[in-house]
Amino acid sequence: MAANKNLAENPYERLANAIVLQAVADYRAALKKVKHNPGNQDAINEALQLEKFFRSQWYEMLTKVDGEYLIRRLQEEIRQSESIRGNKNKSSRR
């Protein structure tokens, strides 16, 4: 019966997914900090370290998601979310 377990129930896979998801959350937060304060060296360094992780062999062992693709998607997400938020604030002032 243990052979029928869903792969997502594998504790090692859950751990790998949790590591990647935490890195994604941390990268989003760092990008937002850099967006709001481009001179924030700590946020810049954190973003660069996370990009290094997304390009690492360890990351490749954890997931099949292309690290470069993930970096580009998250950067675009932050650019768009910030511009959408700005548009909402402008329209609410009318």
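Efficiency by 1/(1 + (r/R0)^6): what FRET value for E9 and M61, r their Cβ-Cβ distance, R0 = 22 Å, to the nearest 0.05?
Details: r = 20 Å, r/R0 = 0.89.
Efficiency, rounded to the nearest 0.05: 0.65.
List the trypsin sites (Lys or Arg not before Pro) in segment 40-69 that DSSP assigns to loop (not H, G, I, E or B) and whose Cβ has at most 16 other Cβ atoms within 10 Å. Which are they? Show your work: numbers first, answer last.
Values: sites: K52, R55, K64; in loops: R55, K64.
Hits after loop and neighbour filter: R55, K64.
Name the residue from T63, L74, L50 whose Cα lies farthest towards the positive end of the charge dipole of segment 24-85, charges +1 on Cβ of Lys and Arg and -1 on Cβ of Asp and Glu.
L74
List the pair-distance distribution P(r) of segment 14-74, using every Cα-Cα distance, as the percent of pairs falling in each 10 Å bin from 0 up to the bin containing the longest distance, rounded to whole percents.
23, 54, 20, 3
No lab work stands behind these numbers, since they all come straight from the coordinates. Note that this is a predicted model, so its numbers are computed, not measured. Every residue, glycine as well, gets a Cβ built from its backbone with ideal geometry; the counts of neighbours run over all protein chains shown.
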